[in-house]
Amino acid sequence: MSACLAIDFGGTRSRAALFDGDMRLIRRAETRSRVSDGPDIVLERLINLGKSLIHAEDELASIGIAAPGPLDTAAGVIIKAETLPGWSKAPIVETFRRAFAGLPAFVENDANLGALAEYHLGAGQGADPMIYLTISTGIGGGAIINGELFNGFSGHAIEPGHMRFTLPDGGIRRWEELASGTALGELARHQLRAGATPSVLRDCEAIDGQAVGEAALAGDEFALDCLRQAGTWLGLGLVNLLHLFNPAAVVLGGSVMNLGDLILDPARKAIEQHILFEGFLPDNLLRPARFSDDVCLVGAALHARKCAESAAASQWIARRPNP
């Protein structure tokens with residue numbers, strides 16, 4: 001049975017996996033992305049990572065690539081990305097096609113592919129519409145509507161982390177600047193500089209989201225308060241998404257979700273306080289993601305298989321003789 005090669009290209013780490021026709025994982029590998037090396041070197045590294053998984057007996061049918069956006073998925077180009085400084089219009093699909101003897105290759109936004117994975121095989125099965133969010137360094141997401149990935153007019157939907165909020169001081173901030181792991185670290189650093197609140201974080205060399213989470217799990221009251229603040233902003237953003245999409249489920253993934261109720265309890269409280277009415281709150285609305293680090297690999301394989309099948313069907317119709 002034909003296999004699919006999946007690539008998950010991130011700003012920090014890159015992963016590759018080979019899946020069989022039944023979406024069973026055959027082999028997997030990962031490496032640091034080192035995006036500062038530039039597109040040519042990094043793409044060659046990704047190609048070598050993928051080739052390292054392929055054995056002589058493997059029959060490869062397609063390649064799916066998860067990448068940060070914005071993307072031009074039709075042209076197969078990374079337009080630019082906050083996590084890829086200096087990259088511009090990198091031809092990732094064409095580069096992979098040439099390296100794999102013209103094999104069909106397809107690229108899609110990484111969070112969109114996470115949505116596909118959770119909808120078809122994960123925590124979002126049976127939920128339509130479904131929103132998927134990954135909350136870690138930033139906040140990304142995707143939406144499934146009527147069983148299909150919602151891409152928007154030009155293929156750039158959905159970017160929930162860039163929703164804007166007005167702060168009490170009148171400043172305007174993006175959602176991911178208020179509720180992500182990066183936001184947690186920035187909030188803690190700012191408040192520690194501004195006051196003399198005791199906290200174990202004062203002894204940390206680097207105060208980032210992971211450090212704040214670990215301190216909160218250990219019972220540090222200052223860190224717990226930081227989580228309550230970020231969790232409230234998380235809930236307010238979710239309220240906006242619930243009012244826009246009225247989803248059957250919101251699947252939550254990403255490293256910040258490892259904090260569980262410490263961040264979800266204030267989010268739930270904010271939702272209860274600000275939701276229009278209970279019709280926007282179906283049972284089992286907020287669901288932990290099934291897949292963790294491999295969610296984009298699973299989604300990339302699903303997406304590539306579907307795109308390759310659609311392309312093959314279109315070619316068959318085009319070649320079919322007129323009746």
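Laboratory data are not the source of any read-out in this text; all were calculated from the coordinates shown. What you see is a predicted model, and the numbers here were worked out from it, not measured in a lab. For neighbour counting, all protein chains shown are included, and Cβ atoms are generated from backbone atoms with ideal geometry for every residue, glycine included.
Just want the answer: with Cβ charges of +1 for Lys and Arg and -1 for Asp and Glu, which residue in V35, G69, A99 is farthest toward the dipole's positive end in the stretch 1-117?
With unit charges placed on the Cβ atoms, the residue in question is V35.
Can you compute the helix-only [θ] at 222 nm over the chain? Use -39500 (n - 2.57) per DSSP H run of at least 4 residues, normalise by all residues, nearest 500 deg cm²/dmol.
Here the helix-only value at 222 nm equals -12500 deg cm²/dmol.
Which value in Å is the Kirkwood Rh of the stretch 205-266 over different Cα pairs?
The answer is 12.5 Å.
Tell me the label only: which of (1) 37, 23, 17; (2) 40, 21, 18; (3) 32, 24, 22 is semi-axes √(5λ) of the Cα gyration tensor in Å as calculated from this structure?
(1)
Hey, got a sec? Which trypsin sites (Lys or Arg not before Pro) in the stretch 214-316 land in a DSSP loop and have at most 12 other Cβ atoms within 10 Å?
none
With axes computed from alpha carbons, what is the tilt in degrees of helix 221-245 against the longest principal axis of the chain, rounded to the nearest 10 within 0 to 90?
It works out to around 50 degrees.
Given charges of +1 on the Cβ of Lys and Arg and -1 on the Cβ of Asp and Glu, with all other atoms neutral, how large is the dipole of the chain about its Cα centre, in debye to the nearest 20?
Details: 28 positive and 38 negative charges, 156 e Å.
Value, rounded to 20: 740 debye.
Estimate the FRET efficiency between D265 and F153 by the formula 1/(1 + (r/R0)^6), using the beta-carbon distance for r and 41 Å for R0, to the nearest 0.05. Walk me through the numbers before you get to the answer.
Working: r = 37 Å, r/R0 = 0.91.
The formula returns an efficiency of 0.65 here.
For helix 295-319, what angle does its Cα long axis make with the longest principal axis of the chain, in degrees from 0 to 90 and rounded to 10?
30 degrees
How much length is gained if the chain between I275 and R202 is pulled fully straight, taking 0.36 nm per residue apart and subtracting their Cα-Cα distance, in nm to one decimal?
Difference between extended and current length: 22.6 nm.
Identify the residues of the stretch 28-70 with backbone N under 16 Å of a label point that sits 7 angstrom from the Cα of S2 along the Cα-to-Cβ direction, or state none.
58-65
Can you give the charge dipole size of the stretch 37-112 about its Cα centre, rounded to the nearest 20 debye, using +1 on the beta carbon of Lys and Arg and -1 on the beta carbon of Asp and Glu?
Computed charge dipole of the stretch 37-112: roughly 200 debye.
On a 0 to 90 degree scale, rounded to 10, what angle separates helix 181-194 from the longest Cα axis of the chain?
The two axes meet at around 30 degrees.
Name the residue from L227, H303, S199 whose Cα lies farthest towards the positive end of the charge dipole of the stretch 165-323, charges +1 on Cβ of Lys and Arg and -1 on Cβ of Asp and Glu.
H303
In terms of Cα to Cα distance under 26 Å, which lysines are near enough to K306, apart from those fewer than 8 places away along the same chain?
Once the sequence-local lysines are set aside, what remains near K306 is K51, K80, K89.
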